[in-house]
Amino acid sequence: MPISVFDIFKIGVGPSSSHTMGPMSAAARFRREAVEALTARGDTADPFRFECRLFGSLAWTGRGHATDGAVTLGLCGVEPDRFDADEAEGLKALVATEGRTPEAGPVSLLYDAEQDLIFDFETTREEHPNAMALRCLRAGEGPMRGEVMLERTYFSIGGGFVLEAAEMAAREDAGLAQPAETPPPHPFRTAAELLSLCQTRGLSIDAVARANERARRGISDEEVDARLDALLDAMFACIDRGLKTRGPLPGHLKVKRRAPDLADSLSDGRNALQPHAATDWLMVYAMAVNEENAAGGKVVTAPTNGAAGVTPAVLRYYLGHCIGADRAGARRFLLTAGVIGALIKSNASISGAEVGCQGEVGSAAAMAAAGLAAGLGATPEQVENAAEIALEHHLGMTCDPVGGLVQIPCIERNGLGAIKAVSAASLALRGDGAHLVPLDACIETMRQTGLDMNARYKETSQGGLAVNLPEC
């Protein structure tokens, strides 16, 4: 398996895995390296200053995606998986009022976001649209003032994954997944290889994923289940928060949260329930997650933050509405969905800045369709078919967030992606798994479509709804 299920699904913070989590991780990584280098040199008499330059999509939609705040927190040492909202506010206040980050032993580190964070709208790095350059400079009053002590360029490639420039040059061997002490027992790189492996060894896709995770991380089945349950709990807690929290979302659009009112209308029978009420719940669950994400809440990348609502919504639908659903089936769901996400990320992209929203909501719908099919007892061939159907009908979807905010059309789009996922799984389950377009061909089509797509439609807010919505 090219990438771990637990790298595809990561607990983090909104509103964007590529524009918030990635820059935060990169900045925290740079801070660690700078502190280690300066401490090793014993060069701590002068204070030092951080500088960050954002390129491409990170520059164009950085403020709407909270990239500026994410960089500040990362330079303070905050990682997405350890994010605490109260602590974050205190650290941002420290930087804003004192122009410094927390001291690291003997090293004094200065940072003023007003002058040290540069939005470069003119430069786009050819390696990836989401690029950022960080420098650590001497800030004392002596003749060495301004000396560059450390310089690194990072690329946020989607789903919270970050690569340094040297890693980007060898992307296929960049080590996106946790290194395994022993080779995985069931290696594969494509969906065709995965299906062949399942057929020859008599295994389900989730069984393949489980065995590979055990070997990759050196953990037991019980530990795999514990990690899966933690993801499930985080996803459902996010839904529950989104169903209770009211008010406007952050940003100049003043978009109102709708999930709580929609859930109330479905629960109290205010309107006569139609047969399609189950799909209304899918919309509500997905919107609850993405409203939480837009507010900078705690979410699970699935595979990204912009598409974080699809898989939790279909999982909640599975456990709450499907006959015979249980916790064991939900684990099969997650393992299977993670495999599909790993295949897409390895062979195409899950980054809206790289291939548009087909890589985010399209990938999420494919993952959720495959997971639901697996939870309902599908064969490997039916699972692959479900993923292909869902992805095929998102091909060409652009990423055009209005105002650079992960709100319009992102929130509703997750709900529609969840509905497509359920429909794709249902269609696949009523067949025998045989179909003309293989998942690998669909993934490659998405990759090629992304290469051909104009940059205006790839998370820059320079095309589509982002420029055609009338100003109110």
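The values are calculated or read from the model by the stated rules, or taken from the named source; none is laboratory data. As the structure is a computational prediction, the values presented were derived from the model and not from experiment. Because the Cβ atoms are built from the backbone with ideal geometry, glycine has one as well, and the counts that use them run over all protein chains shown. The protein model used for the area step is the full one, side chains on, heavy atoms only, and it has no ligands, DNA or RNA in it. Shrake-Rupley method; radii C 1.70, N 1.55, O 1.52, S 1.80 Å.
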Collect the residues in region 132-167 that are aromatic (Phe, Trp, Tyr) and either open to solvent by less than 10 Å² (accessible area, probe 1.4 Å) or under 18 Å from TRP60 (Cα atoms) (or both), keeping them in residue-number order.
TYR154, PHE155
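Name the one entry in PRO129, PRO102 that is farther than 14 Å from MET24 by Cα, in contact with a Cys (Cβ under 9 Å, 6 or more places away or on another chain) and open to solvent by 20 Å² or more (accessible area, probe 1.4 Å). Working first, answer last.
Details: PRO129 fails: in contact with a Cys (Cβ under 9 Å, 6 or more places away or on another chain).
Criteria check complete, one pass: PRO102.
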Residue that is surrounded by the most Cβ atoms within 10 Å (Cβ to Cβ), among those in region 271-294 that are small (Gly, Ala, Ser) and within 14 Å of ARG246 (Cα to Cα):
ALA288
With a cut-off of at least 1 residues that are under 20 Å from GLY341 (Cα atoms), name the helices (runs of 4 or more DSSP H) lying wholly within region 369-472.
380-392, 410-429, 439-452
As an exercise: evaluate GLY329 against (1) under 25 Å from GLY64 (Cβ atoms); (2) part of a helix (DSSP H, G or I); (3) of a type in the set (Gly, Ala, Ser) and give the number of the one condition it does not meet.
(1)
Counted residues, region 186-210 - those being closer than 15 Å to LEU335 by Cβ and open to solvent by 20 Å² or more (accessible area, probe 1.4 Å):
6
Is region 327-340 home to any residue that is aromatic (Phe, Trp, Tyr) and under 22 Å from ARG258 (Cα atoms)?
no
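From ASP233, ASP229, ASP221, which residue is touching a residue at least 12 places away in the same chain (Cβ under 8 Å) and of a type in the set (Asp, Glu)?
Numbers: ASP233 fails: touching a residue at least 12 places away in the same chain (Cβ under 8 Å); ASP221 fails: touching a residue at least 12 places away in the same chain (Cβ under 8 Å).
Residue meeting the stated conditions: ASP229.
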How many of the residues in region 105-121 are open to solvent by 50 Å² or more (accessible area, probe 1.4 Å) and hydrophobic (A, V, I, L, M, F, W, C)?
2
Can you tell me which residues in region 421-462 are hydroxyl-bearing (Ser, Thr, Tyr) and in contact with a Leu (Cβ under 8 Å, 6 or more places away or on another chain)?
THR445, THR449
GLU388 versus (1) open to solvent by less than 10 Å² (accessible area, probe 1.4 Å); (2) under 20 Å from the mean Cα position of the chain (by Cα): which is the lone unmet condition?
(2)
